[in-house]
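Novice: Handing you this structure, nothing more for now.
The values are calculated or read from the model by the stated rules, or taken from the named source; none is laboratory data. What you see is a predicted model, and the numbers here were worked out from it, not measured in a lab. Positions of Cβ are generated from backbone atoms using ideal geometry, with glycine treated the same way; all protein chains shown enter the neighbour counts.
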Amino acid sequence: MRFSRHSIALVLVLAMLMPMNSCVYDFHPDVAGRAGYVAIEGDILVGDTCRFDVRLSTDLEDKRNEGEPLSYTLRVESSDGVTYPSQDNFVDLTGADISRDYRLVVEVTAPFHRTYASQWASVQITPPIDSLVYDISEDRSTMDISVSTHSDGPGGYYRWDAAETYEYHSAIYSIEFYVPPGTVYKGKTYPQEAIIPFEDGENYYYCWKSQHRSDLLTASTMDLTEDRLVNHTLYSFSNMDREVSSLYFLELSQTRLSEEGYRHWEKMHSNSTDVGGLFSPEPLELRGNIVNVDDSDELVLGFINVSTVSRVSMYINNSEEQFSYWRGPSYGDMVLDSRLWLNYWRSGYRFAFYSDDGPHWFPGECVDCTRIGGGTKERPSWWPNDRK
């Protein structure tokens with residue numbers, strides 16, 4: 001078992017360099033057979049900076065039916081009369097008073113004019129995260145990501161957001177690449193097709209991906225003798241998962257929920273399990289705490305929680321743990337005559353290397369990491385190694 005506290009100094013320094021995790025928890029406002037509902041995402045995190053998103057739900061059965069984009073402004077209001085405006089959907093609540101009640105107000109200006117507001121709510125005080133750990137099973141087939149937390153008060157309800165960034169590699173490392181006729185590369189035009197070397201360490205081998213886990217991570221201590229969770233498992237990896245195949249970074253955000261908020265997210269989890277989407281075919285079952293101030297009968301998707309937030313981070317280095325065996329797809333290569341290069345390039349093959357046999361080509365996903373996993377070549381500026 002590895003505890004993040006062993007490297008807390010490094011984590012704190014890197015966390016200062018990273019963009020702060022926002023209060024948006026990923027869900028997809030897709031309603032089977034219904035489109036056009038206003039969906040509002042985000043949480044009011046007192047003492048932090050929050051981001052909100054407002055959009056129309058789409059029809060699971062017809063993804064083309066997305067409707068017009070929404071134009072809107074939003075703000076957070078406090079019960080003492082203070083208004084916190086947004087800038088690019090962010091609201092700065094770092095100096096807000098935790099003893100006040102809060103609500104979110106959204107004013108949609110196009111394609112219709114409506115005002116939405118969440119219910120006034122007091123601030124749920126989130127205890128610190130005691131530890132964030134990963135534990136590899138004895139047979140080394142699974143890795144559990146677990147959290148511990150506690151407070152001295154009564155039992156409560158918790159939710160976590162897992163913001164992940166990970167590095168992964170393609171199966172084949174290439175130091176040269178093919179360019180078709182007429183390609184302009186770094187200011188030089190290649191009138192004929194060519195195999196040219198990468199410059200400055202460029203390659204198709206290293207990729208990075210950042211995402212928020214879509215899992216709805218909640219827990220309750222109401223049935224326990226004290227408000228304490230010890231090594232509560234949030235999610236698991238298998239030893240064939242890409243996320244932990246090289247270097248994995250996790251920033252975990254913990255918030256405390258009201259009972260109403262907990263019941264809402266548990267119902268979302270149940271619907272997701274039952275029908276494969278976060279909103280069931282009968283979305284009225286998932287009415288949240290947001291209303292149209294002029295029409296309380298309108299269904300609005302989403303739930304705005306009001307709380308403080310606790311965060312902690314950790315890395316998992318597979319070169320140390322030797323846990324994941326994922327190496328990317330690798331299929332048989334082909335030694336191609338130059339007369340075939342352009343046709344195979346157009347069909348998705350990529351050059352990998354020369355050998356005594358000649359030029360070796362592979363299916364693109366074997367050579368180009370951007371073709372697998374949705375990653376990119378954009379290494380985060382705060383990433384702890386200098387790979388490119």
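Novice: For segment 187-210, give me each residue that is within 27 Å of residue 373 (Cβ to Cβ), without any contact (Cβ under 8 Å) to a residue 60 or more places away in the chain and not aromatic (Phe, Trp, Tyr).
Specialist: Within segment 187-210, 196, 197, 199 meet the criteria.
Novice: If residue 363 meets every condition in (1) farther than 30 Å from residue 265 by Cβ; (2) crowded, with 18+ Cβ neighbours inside 10 Å; (3) in the same structural domain as residue 114 (by TED's automatic domain parsing) apart from one, which number is that one?
Specialist: With (1) farther than 30 Å from residue 265 by Cβ; (2) crowded, with 18+ Cβ neighbours inside 10 Å; (3) in the same structural domain as residue 114 (by TED's automatic domain parsing) applied to residue 363, the lone miss is (3).
Novice: Another one. What number of residues within segment 302-319 satisfy the criterion of being touching a Leu at 6+ places or on another chain (Cβ under 7 Å) and either modelled with pLDDT under 95 or of a type in the set (A, V, I, L, M, F, W, C) (or both)?
Specialist: Total satisfying the criteria: 4.
Novice: Which one is surrounded by the most Cβ atoms within 10 Å (Cβ to Cβ), of the residues in segment 158-176 that are assigned to a loop (DSSP other than H, G, I, E, B) and touching a Cys at 6+ places or on another chain (Cβ under 9 Å)?
Specialist: My answer is 170.
Yes or no, residue by residue, for (1) within 21 Å of the chain's Cα centre (by Cα); (2) outside the structural domain of residue 99 (by TED's automatic domain parsing); (3) in contact (Cβ under 8 Å) with a residue 24 or more places away in the chain:
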| position | (1), (2), (3) |
| --- | --- |
| 314 | yes, no, yes |
| 349 | no, yes, no |
| 358 | no, yes, no |
| 367 | no, yes, yes |
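Residue-by-condition table, conditions (1) part of a helix (DSSP H, G or I); (2) surrounded by 19 or more Cβ atoms within 10 Å (Cβ to Cβ):
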{"position": "291", "(1), (2)": "no, no"}
{"position": "297", "(1), (2)": "no, no"}
{"position": "304", "(1), (2)": "no, yes"}
{"position": "314", "(1), (2)": "no, yes"}
{"position": "320", "(1), (2)": "yes, no"}
{"position": "325", "(1), (2)": "no, no"}
{"position": "330", "(1), (2)": "no, no"}
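Novice: Being free of Cβ contacts under 8 Å to residues at least 60 places away in the same chain and assigned to a strand (DSSP E or B) is the filter; apply it to segment 35-53 and report the residue that is farthest from residue 268 (Cα to Cα).
Specialist: Selected residue: 49.
Novice: If I ask for residues that are among the charged types (D, E, K, R) and assigned to a strand (DSSP E or B), which ones from segment 208-231 would you list?
Specialist: Scanning segment 208-231 gives 209, 228.
Novice: Collect the residues in segment 177-207 that are under 30 Å from residue 244 (Cβ atoms) and surrounded by 12 or more Cβ atoms within 10 Å (Cβ to Cβ), keeping them in residue-number order.
Specialist: Correct list: 177, 198, 202, 203, 204, 205, 206, 207.
Novice: Select from segment 78-97 the residues that are under 15 Å from residue 118 (Cβ atoms) and free of Cβ contacts under 8 Å to residues at least 40 places away in the same chain and list them in ascending order.
Specialist: Correct list: 78, 83, 84, 86.
Novice: Got at least one residue in segment 110-124 being surrounded by fewer than 17 Cβ atoms within 10 Å (Cβ to Cβ), within 26 Å of the chain's Cα centre (by Cα) and of a type in the set (A, V, I, L, M, F, W, C)?
Specialist: The answer is no; no qualifying residue exists.
Novice: Same structure again: How many of the residues making up segment 125-157 are out of contact with any Lys or Arg (no Cβ under 9 Å at 6 or more places or on another chain) and crowded, with 20+ Cβ neighbours inside 10 Å?
Specialist: 3
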